[in-house]
Structure formats: structure tokens, C-alpha cells
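K.L.:
Quick one: the structure is below, questions incoming.
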Amino acid sequence: MTNGGILAVKIFLIEKYIEIQISDTGSGIDKKDLPHIFEPFFSKKEKGTGLGLSVTQSIIDDHGGKIRVSSEMGKGTTFKIMLPFRETI
């Protein structure tokens with residue numbers, strides 16, 4: 001968010017998953033780019049490698065989780081990360 005904004009993190013317990021929602025009020029992600037953001041080397045940043053979200057998705061998948069994204073241009077983006085919850089007591 002180059003011009004400032006709000007970053008919110010929320011955590012929920014939904015059935016057997018922990019859901020982590022990370023939302024911002026930034027510029028959003030163009031609809032045509034959304035299907036590609038988890039692809040290796042896809043980046044809209046001048047100095048980006050395009051590996052961040054690809055690696056993130058791989059790590060979450062390796063832990064039996066899921067990552068989803070929703071975005072609206074001019075309003076912001078929300079990532080939802082679902083990870084299996086295991087009680088350890």
C-alpha cells in the first residue's frame with residue numbers, strides 16, 4: 001500500500017481448520033491477473049521475482065492447507081489461509 005491504508009489480520013477456528021484472513025485497503029489485483037498470482041515467476045512488480053506467492057502456496061499445501069484470494073481494484077485484497085488444526089494437549 002504505497003499511499004498508506006489499513007492492514008487487518010483476523011483468525012478464526014472453523015471446524016478442524018484455523019483460518020487466517022489478511023486484508024488490505026490497497027489498490028487491489030486486476031481480475032485478469034488473479035488466476036496467475038500463484039504461478040512461479042508471475043509478477044507485476046518491476047523488481048519482483050514472482051516466487052513469493054508460489055512458495056507460500058507450496059508451503060501451505062505441504063501442511064494440508066489451502067490459500068484463497070479475493071480482490072477488487074481500488075478497494076483491496078483479502079487472502080484466506082486455511083490450516084488444519086490439531087489439538088496438542
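K.L.:
I'd like to verify a number: residues in segment 7-27 that are closer than 15 Å to residue 73 by Cα and modelled with pLDDT under 95, how many?
P.N.:
Residues flagged as closer than 15 Å to residue 73 by Cα and modelled with pLDDT under 95 within segment 7-27 amount to 2.
K.L.:
Okay, moving on. Please name all residue pairs, on different chains or six or more residues apart, with Cβ atoms under 9 Å, provided the first residue is in segment 1-14 and is basic (Lys, Arg) and the second residue is in a strand (DSSP E or B).
P.N.:
If the second residue must be in a strand (DSSP E or B), the pairs left are 10/19; 10/20; 10/21; 10/22; 10/23.
K.L.:
So which of 59, 67, 81 ends up being loosely packed, with under 13 Cβ neighbours inside 10 Å, at pLDDT 95 or above and of a type in the set (A, V, I, L, M)?
P.N.:
Numbers: 67 fails: loosely packed, with under 13 Cβ neighbours inside 10 Å; 81 fails: loosely packed, with under 13 Cβ neighbours inside 10 Å.
Answer to the check: 59.
K.L.:
Another question, if that's okay. Within segment 39-50, does at least one residue satisfy the condition of being under 11 Å from the mean Cα position of the chain (by Cα) and at pLDDT 95 or above?
P.N.:
no
K.L.:
When you scan segment 49-89, how many residues do you find that are among the basic types (Lys, Arg), within 17 Å of residue 20 (Cβ to Cβ) and in contact (Cβ under 8 Å) with a residue 24 or more places away in the chain?
P.N.:
Number of matching residues: 1.
K.L.:
Given 81, 59, which one is of a type in the set (Val, Ile, Thr) and out of contact with any Gly (no Cβ under 8 Å at 6 or more places or on another chain)?
P.N.:
Working: 81 fails: out of contact with any Gly (no Cβ under 8 Å at 6 or more places or on another chain).
Checking each option against the conditions leaves just 59.
K.L.:
So, of the residues in segment 10-41 that are within 15 Å of residue 67 (Cβ to Cβ), of a type in the set (A, V, I, L, M, F, W, C) and in contact with a helix residue (DSSP H, G or I) (Cβ under 9 Å, 6 or more places away or on another chain), which turns out to be surrounded by the fewest Cβ atoms within 10 Å (Cβ to Cβ)?
P.N.:
The residue in question is 38.
The values are calculated or read from the model by the stated rules, or taken from the named source; none is laboratory data. Predicted, not measured: the structure shown is a model, and the values here were computed from it. As a convention, Cβ positions derive from the backbone with ideal geometry for all residues, glycine included, and neighbour counts pool all protein chains shown.
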